[in-house]
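Novice: Below you'll find the structure I mean.
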Amino acid sequence: MRSRAVKGTYDVLPESTPAWRRLRSTTETVLGRAGVREIVPPIFEYSEIFDKSVGPSADLVVQKEMYRFEDRGGRSLTLRPEFTAGVLRAYVEHGMHTRPTPVKLWSFGPAFRAENVQRGRFRQFHQINCELLGAPGPLVDAEAIALLHDLLQALGLPDLVVALGSVGDPEDREAYNAYLREALEPREHELSDTSRERLRLNPMRVLDSKDEGDQRLVADLDTPLDRLGDAARAHLDGVAAFLDAWGIAYELAPSLVRGLDYYRRTAFEIHAQGIGAQSALAGGGRYDGLVESLGGPPTPGIGWALGVERVLDALQEAGAAPAADAGPAVFLVPMDAVAVGEAAALARRLRTDVHVEHAYTERKPGKGLRDADRAGARYAALRGAREREAGVWTLKHLASGDQREIPEAAMSAAVLEVPA
RNA sequence: GUGGGUGUAGCUCAGGGGUUAGAGCACCGGAUUGUGGUUCCGGGGGCCGUGGGUUCAAAUCCCAUCACCCACCCCA
């Protein structure tokens, strides 16, 4: 068997890296202008960090979807399945709560989940993550959503609609879960197997079921939004008011439920068309209390994560993929054995200013020009016995076919000219 | 884990019992021994996913197995 990449992993080939670079640089610009600063936490953490944050009923835990291993000292380590826990651990560890509020942090990098693969779902995948810490009010929620929206828009995804919901405060959830249990337990036998399991662990997630029977049972029930407490309701209304004021399109999602247990109040997602079943480009929410459970002071927070592969897929579908990398300003063509060395030496000197490539073996002019063409070069520069005698290179502008002889010392300037 | 689909050249895919397995694209060379893109000619490349079976004969039919893709579940 030929060696191959591990299931659920893949190689980003040179043709694709421009899209990755643009995604990253756009993120730097959009988030940077809002004062969000980059933080680079490690890719793995002590397992307790994720155990404390992710919560016992999350699928990550229930389905054993985390990559976990022991180091030589017998400590359990886990490859991050998401960013929030690690970022908040760093926030606590470095006393960042003493910094001006809110503390705004973003990250970019891989995350790992031992799931079954399909379009838009990988075992090593990448996220852009953003956390806004220390501010309790709806304004930062709205800012978080706006940043996500503006980032995706800047990348070239128009007409985005945010799905906005609320999972309420802990007491609201408790009350709502009690309501759900009361309503559903008498009819438990009518539920699907997974929903029956969820009814025990985290009843709200029954609302998520795609099983038609489940959906019929759930259809007549109150949604979490119907039973929000006054404080959570006011919070949600506040977020919505800011989004209205800023012209950001959203739809209220009455039963938007998060897969991780730590969410409070605001929850949101952005979906795309045409990229398969895994259509969530990004999702996030508020997690007041999570910092505290990681050993820090009581600290409100809200954040989101964006799936890089899904966004790139959506950009491809939208025809908004970036242009390929530019070719060299000049491609040097040695036409005899001596010129091979001359081309390499000149290339080295010119590279202090420009992108220069050259053929590595003696080339006839026809082949050399073809090489230059394929490299996407602006100019080709030929060197043979004739040029050597005169101390020049024959410089040809490939698009127009114009050519002239340039003294070697003047090559750098000549090659930087862009004829009209 | 379950269901469906697909495995033939680097890539996209034909060929569905009968001799040395094909096309397009890509790559290399020639037409053109100092002038590219187009064109023409030629070339290198294949355990036909793997193992077993049926048959005079298997890329082709049967069984098993593995891998990949899509979907369920769930999420980014």
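The values are calculated or read from the model by the stated rules, or taken from the named source; none is laboratory data. Because the structure is predicted, anything quoted here is derived from the model rather than measured. Quick reminder, even Gly has a Cβ in these numbers, built from the backbone with ideal geometry, and neighbours come from all protein chains shown. Accessible surface areas use protein heavy atoms only, side chains included; no ligands, DNA or RNA. Shrake-Rupley method; radii C 1.70, N 1.55, O 1.52, S 1.80 Å.
Novice: Look at A:Val354 and say whether it is open to solvent by 50 Å² or more (accessible area, probe 1.4 Å), more than 8 Å from RNA strand B (Cβ to nearest atom) and β-branched (Val, Ile, Thr).
Specialist: Against the criterion (open to solvent by 50 Å² or more (accessible area, probe 1.4 Å), more than 8 Å from RNA strand B (Cβ to nearest atom) and β-branched (Val, Ile, Thr)), A:Val354 does not qualify.
Novice: Let me ask another. Among what's in segment A:382-399 and is near RNA strand B (Cβ under 8 Å from one of its atoms) and among the aliphatic types (A, V, I, L, M), pick the residue that is most open to solvent (accessible area, probe 1.4 Å).
Specialist: For segment A:382-399, the residue satisfying everything is A:Ala399.
Novice: Determine if segment A:135-152 includes at least one residue that is open to solvent by less than 60 Å² (accessible area, probe 1.4 Å), touching a Gly at 6+ places or on another chain (Cβ under 9 Å), touching a residue at least 12 places away in the same chain (Cβ under 8 Å) and not in a helix (DSSP H, G or I).
Specialist: The answer is yes; a qualifying residue exists.
Novice: Going through segment A:276-335 one residue at a time, which ones are over 30 Å from A:Ala399 (Cβ atoms) and of a type in the set (Val, Ile, Thr)?
Specialist: Those that are over 30 Å from A:Ala399 (Cβ atoms) and of a type in the set (Val, Ile, Thr): A:Val291, A:Thr299, A:Ile302, A:Val308, A:Val311.
Novice: Now for a different question. Is it true that A:Glu342 is of a type outside the set (A, V, I, L, M) and either in contact with a helix residue (DSSP H, G or I) (Cβ under 8 Å, 6 or more places away or on another chain) or within 11 Å of RNA strand B (Cβ to nearest atom) (or both)?
Specialist: yes
Novice: Report, by residue number, each residue of segment A:369-381 that is open to solvent by 10 Å² or more (accessible area, probe 1.4 Å) and either near RNA strand B (Cβ under 6 Å from one of its atoms) or closer than 16 Å to A:Val338 by Cα (or both).
Specialist: Selection gives A:Leu369, A:Arg370, A:Asp373, A:Arg374.
Novice: When you look at A:Glu174, is it open to solvent by 30 Å² or more (accessible area, probe 1.4 Å) and either modelled with pLDDT under 90 or outside any helix (DSSP H, G or I) (or both), yes or no?
Specialist: Yes; evaluated as a whole, the condition is true for this residue.
Novice: Going residue by residue through segment A:156-167, is there one that turns out to be under 15 Å from A:Arg233 (Cα atoms), among the aliphatic types (A, V, I, L, M) and not in a helix (DSSP H, G or I)?
Specialist: yes
Novice: Also, quick follow-up: More than 8 Å from RNA strand B (Cβ to nearest atom) and either surrounded by 20 or more Cβ atoms within 10 Å (Cβ to Cβ) or not in a helix (DSSP H, G or I) (or both): does that describe A:Gly303?
Specialist: yes
Novice: Considering only segment A:330-420, give the helices (runs of 4 or more DSSP H) lying wholly within it that have at least 1 residues that are within 43 Å of the chain's Cα centre (by Cα).
Specialist: Passing ranges, in order: A:337-350, A:365-374, A:411-416.
Novice: Of the residues A:Ala219, A:Ala234, A:Ala280, which single one is of a type outside the set (Lys, Arg), open to solvent by 40 Å² or more (accessible area, probe 1.4 Å) and either under 30 Å from A:Ala90 (Cα atoms) or not assigned by TED's automatic domain parsing to the domain that holds A:Asn129 (or both)?
Specialist: A:Ala219
Novice: Give me the strands (runs of 3 or more DSSP E) completely within segment A:11-98, filtered to those with at least 2 residues that are surrounded by 14 or more Cβ atoms within 10 Å (Cβ to Cβ), touching an Asp or Glu at 6+ places or on another chain (Cβ under 8 Å) and modelled with pLDDT of 90 or more, ordered by residue number.
Specialist: A:76-79
Novice: Across segment A:185-216, what is the number of residues that are within 24 Å of A:Ala267 (Cα to Cα) and not charged (D, E, K, R)?
Specialist: Looking only at that region, the number is 11.
Novice: Tally the residues that are surrounded by fewer than 20 Cβ atoms within 10 Å (Cβ to Cβ) and of a type in the set (S, T, N, Q), restricting the search to segment A:286-300.
Specialist: Counting residues in segment A:286-300 that are surrounded by fewer than 20 Cβ atoms within 10 Å (Cβ to Cβ) and of a type in the set (S, T, N, Q) gives 1.
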